[in-house]
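I have placed the structure first, in the form of structure tokens, so that the comments after it can refer back to it.
The values are calculated or read from the model by the stated rules, or taken from the named source; none is laboratory data. Remember, it's a predicted structure, so these values are computed and weren't measured experimentally. Methodologically, a virtual Cβ is constructed for each residue, glycine included, from the backbone with ideal geometry; neighbour enumeration extends over all protein chains shown.
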């Protein structure tokens, strides 16, 4: 496993490699688990949530829920409804379960002086936990990007790789991390004989750093070599070079390679404030021929 462009103390490399390997195992497992989702709160968005008849879906807010109102939602089994809702006054979460196949209902939740709209639909593949996060405060104009040490950048890569485990066991450690999965979305940059696919993105707002889980796919019968430190993110008409990456520099024949890379700030030293909802693309510098030692 190669970490590009960043020096690190020799005495710490063994423990660092162990953390990187652990992160890959945890993230690979979590990539297929779509039952746990997270989203930023936005009172101008309707959240459609799949709910099962034999499973409970829990919706968690950043703070205490102040009020709720729903159509087709009941709080006990004696009242007719499409969904059964459970909520304890003064708590920051609620749970719902579908009572009938093909059920649908609307639920409005009041939190922090805003109303958030949820569309509940019965599904055989429900979301079991939806974690809602408060939107980030706007950055001050002209703010400079933070200066991060190589060790800090590597720590952010590790935190992204172990995000599902940290979210479950140490939620305070990732409370300010914004997470987006690109499953089912058009997030592929096609370069004929290879393609780059975005799978997941993590935004560490305090560090103004975005970490991406990316899959490089080789469509040919020959290995494709590239510079491990050449990842860059395209957002609109701007390019943001990587601040750190974990990449081998080669895509095996007819195979896929998982890499992580991060960008911090902008090329001129300011904060990037890139939204993960933007249309993003990834670029690498490919060697014109396959060198013996890339």
Next on the checklist: Just to be sure before I move on: is residue 230 out of contact with any strand residue (DSSP E or B) (no Cβ under 6 Å at 6 or more places or on another chain), in a loop (DSSP other than H, G, I, E, B) and modelled with pLDDT of 90 or more in the structure I sent?
Outcome noted: yes
Next on the checklist: Tell me whether region 144-164 contains one or more residues that are more than 25 Å from residue 265 (Cβ to Cβ) and out of contact with any strand residue (DSSP E or B) (no Cβ under 8 Å at 6 or more places or on another chain).
Outcome noted: no
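Examine region 181-197 for a residue that is modelled with pLDDT of 90 or more and touching a helix residue (DSSP H, G or I) at 6+ places or on another chain (Cβ under 7 Å), and state whether such a residue exists.
Let us first name the residues in region 181-197 that are modelled with pLDDT of 90 or more, namely 193-197.
Narrowing further to those that are touching a helix residue (DSSP H, G or I) at 6+ places or on another chain (Cβ under 7 Å): none.
The answer is no; no qualifying residue exists.
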Checklist entry - So which residues in region 38-60 are crowded, with 17+ Cβ neighbours inside 10 Å and within 21 Å of residue 98 (Cβ to Cβ)? => result 47, 49, 50, 51, 52, 57, 59, 60
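Conditions (1) closer than 25 Å to residue 172 by Cα; (2) under 23 Å from the mean Cα position of the chain (by Cα); (3) touching a residue at least 24 places away in the same chain (Cβ under 8 Å), marked per residue:
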| position | (1), (2), (3) |
| --- | --- |
| 61 | yes, yes, yes |
| 84 | no, no, no |
| 99 | no, no, yes |
| 107 | no, no, yes |
| 118 | no, yes, yes |
